[in-house]
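The values are calculated or read from the model by the stated rules, or taken from the named source; none is laboratory data. Small disclaimer: the values here were computed from a predicted structure and weren't measured. Cβ placement follows ideal geometry from the backbone for every residue including glycine, while neighbour counts extend to all protein chains displayed. What goes into the accessible areas is simple: the full protein's heavy atoms, side chains included, and nothing from ligands, DNA or RNA. Shrake-Rupley method; radii C 1.70, N 1.55, O 1.52, S 1.80 Å.
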Amino acid sequence: LRCVDPGALRQYKWLLDDLAPKDSSIHKEDGYSCQILMALTGPSVFTGTLYPHPDIVTVRVSYVSVGPDAEQGISMFVDSVVNDVNNMDNQNTHVYFGVSIPTKDEEFQGLWENVFWDQEMILNNQGDFWNAISEATVNNKMVTFEGVFRVDPYTDTFRRGQKQYELHFIEVSETEKTEKLVSFAEFPLSTLHEGVFLQKSHAEAYLNIFMPRNEVMDKDQPQAPMQPRYKSDLSKNEQAEDEDEATPGKKSKDKKKKKKEDAEEEEGFVESSGKYGPDSWQVKSPIREYIQRKIASMHPEAEVFDVAYNAILLILMDRNAYQP
């Protein structure tokens, strides 16, 4: 709070409320629930301190879903994002450019590149667009809407804007009375380190996602990889699930064994002191390394403000070390 101007950030409250996905755009099914959390990220969090008027406003939309099956949760999330993007195309308040989706590089294994989908591409390739979002999500990559946002509804104040989408899924087992967090964010809890929630309830709800559960959210013990669902394969997957239920065998036994092992794992984010929280090294180390790589890739003169912004984030992550 010493580095941000709460009064200056109030100018974004209307924008975050306006950009929040409409309830009608959220895919709903029995046994599943979804909460939307909105946060301001990027250089705009330092409006009034480092920047008088940042050239870009970035909003992060966190979908917090609860239900029995994470893979089905991904499908519901992708449907919701596609619906929200279509809604952005059908409004007159903001300017719509397109959507940037991280995509696997075809030549270099392990590398990702952002592929920009403009309005025409999305309209003519809805199935491919759906599949691209699904693949990015299961690989912990963030899909980003690109455009120009009207910051104030009463004036012609526009700024370049980004709307980021991420999914946190809480898998609930009614039979075993357990909850398991499956976060599809590239860096869990990163929003607390690089963003600002303008609503206290959203900040509390976001932190509550990562409260101790029956798994260790740790980069040294990553969650089992999931395969993306593709639009054309959904019916086949549902049919295969029905066959597995009708014919108990090794798969069902392995699944029960895996759930039992998950339930026996140590809980939560653990700091070196044994405490839980967003300041544990398991959470901060990958975020710190990511920011350091970004700074190293920037031009020290042409991108001096971006370097300063990321350097401030690094200092704030370890601010206790700089206190007298």
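Our coupling estimate for region 22-27, obtained by passing each phi through the Karplus curve with A = 6.51, B = -1.76, C = 1.60 and θ = phi - 60°, is 5, 4, 5, 8, 7, 5 Hz, Gly and Pro reported as x. Using a probe radius of 1.4 angstrom, the carbon and sulfur fraction of the accessible surface of region 24-164 is 46%. Taking GluC sites (Glu not before Pro) across region 111-201, the ones in a DSSP loop with at most 16 further Cβ atoms lying within 10 angstrom of their Cβ are 174, 176, 186. Inter-label distance, residue 297 to residue 56: 1.2 nm, where each label sits 7 Å from its Cα along the C-beta direction. Quick one: of 141/177; 22/163; 177/200; 180/200; 141/200, which pairs are farther than 19 Å apart, Cα to Cα? In this structure, 141/177; 177/200; 180/200; 141/200 lie more than 19 Å apart at Cα. Per-residue SASA remark: residue 138, around 10 Å² accessible (1.4 Å probe; ligands, DNA and RNA not included). Stretching the chain fully between residue 92 and residue 121 yields a gain of 8.4 nm (0.36 nm per residue, less the alpha carbon separation). Normalised by the number of residues in region 1-139, the mean separation of alpha-carbon contacts (under 8 Å, six or more apart) gives a relative contact order of 20 percent.
With a 1.4 Å probe rolled over the protein heavy atoms of all chains, the accessible area of 27, 193 falls in the order 27, 193, largest first.
In the context of the full set of protein chains, region 1-80 has a per residue accessible area of 42 Å² (1.4 Å probe). With Rh defined as the Kirkwood radius, the inverse of the mean 1/r over Cα pairs, the Rg/Rh of region 1-124 is 1.01. Taken one residue at a time, the phi angles of region 96-113 give Karplus couplings (6.51, -1.76, 1.60, θ = phi - 60°) of 9, 9, x, 10, 9, 10, x, 9, 4, 6, 6, 8, 10, 5, x, 9, 10, 10 Hz. Gly and Pro are set to x.
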